[in-house]
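Enquirer: One structure, as structure tokens, below. Some questions next.
The values are calculated or read from the model by the stated rules, or taken from the named source; none is laboratory data. No experiment lies behind these values; they were computed from the predicted model shown. Using ideal geometry, Cβ is built from the backbone for each residue, glycine included, and neighbour counts are taken over all protein chains shown. Side chains are part of the model used for accessible areas, which takes the heavy atoms of the whole protein and leaves out ligands, DNA and RNA. Shrake-Rupley method; radii C 1.70, N 1.55, O 1.52, S 1.80 Å.
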Amino acid sequence: MSTSARIFLCIYNLVLFLLQPVLALYLLKRGIRQPEYRQGWGQRFLARLPEFRPVASGQRRIWVHAVSVGEAHAISPLVSYWAKVYPQDEWAISCTTPTGMATCQHLYSALNQVQFFYLPYDLPYLVTRTFKQVRANSLWVVETELWPNLLLRAGKAEVRTALLNARVSPTTGKRLAQLGFLSKPVLQSIDTLVAQTQSDAAVFERIGRPVNAVCGNLKFDVALKPELATMGRTWREAVQAGQVVLFASSREGEEALLLDALNRSQFFKRMPRASVWIVPRHPQRFDEVFELMVEAATRMGVARPVRRSNFFNTGSNIALAGFAQARLVLGDSMGEMPAYYSVADLALLGGSWLPFGGQNLIEACAYGCPVWMGPNTFNFAKAAEDALAAKAARRFEHLLAACEHYLSGFQGNYEARKAAFAYARGHRGATQRSFDILNESSQSPVAR
């Protein structure tokens with residue numbers, strides 16, 4: 001490592017150490033609205049992790065770090081496949097957010113001797129303590145979680161590292177290039193680097209770390225949940241909806257844009273049997289978004305919005321009449337996106353209407369729900385381009401244009417549904433390719 005890299009790393013460590021009180025205040029503030037953020041402080045700040053037993057002879061422990069919900073789902077096909085081939089391997093699963101923790105526990109609780117924990121902050125003494133406690137043989141990092149101390153110290157702990165399903169947005173690529181004196185040694189410390197696309201691979205290569213393979217996006221291989229698809233179709237029958245437009249994984253500021261576009265286009269007057277369902281990306285915003293919807297409903301003269309959490313409870317058919325009349329529905333539940341995609345005629349892609357980079361459009365297509373997206377899809381650039389080419393998606397400059405296009409004569413989208421299914425099926429296979437590369441590299445000695 002160069003002198004400039006060492007100096008920058010020292011500055012990084014000092015700043016992160018001094019920020020610990022600020023991070024504590026941030027978690028306290030988040031904990032007021034989302035109590036789950038009050039958990040795991042000992043893990044985050046002190047690396048006080050669950051107790052890991054020593055790994056038995058002939059066994060391995062694989063540590064997977066998936067920062068939040070999307071990454072946890074993305075790596076699940078590879079984890080499941082590896083666990084079938086090597087059932088004796090043990091697992092450690094870390095994440096950063098409470099929703100990520102809940103998702104990981106839901107997806108991975110059946111793994112052999114699995115332990116879950118919040119990733120400690122990337123300070124040298126915390127990282128060292130973490131490696132000593134986890135006693136992992138391998139560390140799998142998902143997508144773009146390039147924590148310098150975590151990756152650089154893995155070699156000292158004799159832990160083989162892999163960056164899997166790696167992707168690089170244009171913004172991240174520029175930052176990595178600007179900090180090449182540090183990002184290059186960090187990337188070079190990774191034993192196996194598997195990129196999603198050739199464009200991602202090109203960014204890594206420009207920085208000085210050629211990838212081991214380009215395997216596609218693991219998210220295409222995420223197992224479908226037919227029980228949730230069935231639930232969505234049941235919703236559709238129960239509410240007696242005409243057309244259903246879903247705003248999927250909306251981000252802050254986008255709901256107001258959509259509600260304004262619905263008002264300006266007189267959407268509900270011109271589509272008397274249509275309803276709009278909004279599912280915010282982050283659960284802590286459910287109440288905030290519902291208030292926006294209530295205000296908008298008053299302006300547009302439509303019935304008060306309803307919340308999914310108040311209806312369709314297990315074994316209950318009460319109040320469905322009121323739900324059936326709703327024109328605005330808040331999807332305030334977690335883990336039910338397949339049901340929402342199955343109730344909808346199309347999905348407006350959250351994160352793409354303001355410069356957030358877009359959310360995952362692959363899951364929508366896997367359930368046969370065509371996607372309409374805005375101009376900002378740089379987080380999923382290749383997936384968005386391929387979906388457009390396959391006619392599984394359409395792009396609009398703004399939400400008002402999308403509403404006007406819908407109102408201009410939307411007659412259903414049977415062909416678009418078929419295209420969405422075909423697009424999702426046609427890009428499967430990243431799991432097997434990633435497994436082959438990872439399995440081969442795990443048999444060879446670590447070279448650093």
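Enquirer: For the range 29-42, name all the residues that are open to solvent by 100 Å² or more (accessible area, probe 1.4 Å) and either assigned to a helix (DSSP H, G or I) or farther than 18 Å from Cys95 by Cα (or both).
Expert: Step one: list which residues in the range 29-42 are open to solvent by 100 Å² or more (accessible area, probe 1.4 Å), which gives 29, 32-33, 38-39.
Lys29, Ile32, Arg33, Arg38 - these are the residues of the range 29-42 that are open to solvent by 100 Å² or more (accessible area, probe 1.4 Å) and either assigned to a helix (DSSP H, G or I) or farther than 18 Å from Cys95 by Cα (or both).
Enquirer: Mind counting the residues in the range 377-389 that are surrounded by fewer than 19 Cβ atoms within 10 Å (Cβ to Cβ) and either polar (S, T, N, Q) or over 23 Å from the mean Cα position of the chain (by Cα) (or both)?
Expert: Qualifying residue count for the region: 1.
Enquirer: Taking the criterion of being among the aromatic types (Phe, Trp, Tyr) and over 22 Å from Leu193 (Cα atoms), would at least one residue in the range 101-115 satisfy it? Don't jump to the end; show me each part of the working.
Expert: Filtering the range 101-115 down to residues among the aromatic types (Phe, Trp, Tyr) leaves 108.
Filter again for over 22 Å from Leu193 (Cα atoms), leaving 108.
Yes, the range 101-115 contains at least one residue that is among the aromatic types (Phe, Trp, Tyr) and over 22 Å from Leu193 (Cα atoms).
Enquirer: Another one. Kindly indicate the residue of the range 344-370 that is touching a helix residue (DSSP H, G or I) at 6+ places or on another chain (Cβ under 7 Å) and without any contact (Cβ under 8 Å) to a residue 60 or more places away in the chain and also surrounded by the fewest Cβ atoms within 10 Å (Cβ to Cβ) among those meeting that condition. Break it down into steps so the answer makes sense when it comes.
Expert: Looking only at the range 344-370, we keep the residues that are touching a helix residue (DSSP H, G or I) at 6+ places or on another chain (Cβ under 7 Å), and these are 347-348, 350, 353-354, 357-358, 360-370.
When the remaining residues are screened for being without any contact (Cβ under 8 Å) to a residue 60 or more places away in the chain, the result is 358, 361, 365, 368, 370.
Details: Gly358: 26, Leu361: 32, Cys365: 30, Gly368: 20, Pro370: 25.
Step by step, filter the range 344-370, then rank; the result is Gly368.
Enquirer: Hey, another quick one. Search the range 64-91 for residues being open to solvent by 10 Å² or more (accessible area, probe 1.4 Å), touching a strand residue (DSSP E or B) at 6+ places or on another chain (Cβ under 8 Å) and not charged (D, E, K, R), and hand back the single one that is nearest to Ser441 (Cα to Cα). Spell out the reasoning first.
Expert: Within the range 64-91, the first condition is being open to solvent by 10 Å² or more (accessible area, probe 1.4 Å), and the residues that meet it are 67-71, 73, 76-77, 80-81, 83-88.
With the extra rule that they be touching a strand residue (DSSP E or B) at 6+ places or on another chain (Cβ under 8 Å), the set shrinks to 67-68, 71, 83.
This time we only want the ones that are not charged (D, E, K, R), so: 67-68, 83.
Working: Val67: 24, Ser68: 26, Ala83: 17 Å.
Result: Ala83.
Enquirer: Give the number of residues within the range 96-122 that are more than 18 Å from Tyr26 (Cα to Cα) and either more than 14 Å from the chain's Cα centre (by Cα) or open to solvent by 40 Å² or more (accessible area, probe 1.4 Å) (or both).
Expert: Qualifying residue count for the region: 14.
Enquirer: Find all pairs meeting these conditions: Cβ atoms under 8 angstrom apart; at least six residues apart or on different chains; first residue within the range 223-236 and touching a residue at least 60 places away in the same chain (Cβ under 8 Å); second residue part of a loop (DSSP other than H, G, I, E, B) and of a type in the set (D, E, K, R).
Expert: Leu228/Glu336; Met231/Glu336
Enquirer: I need the full set of residues from the range 223-256 which are within 25 Å of Ser352 (Cα to Cα), open to solvent by 40 Å² or more (accessible area, probe 1.4 Å), under 24 Å from the mean Cα position of the chain (by Cα) and of a type outside the set (Gly, Ala, Ser), in order please.
Expert: Residues satisfying the conditions are Leu224, Arg251, Glu252.
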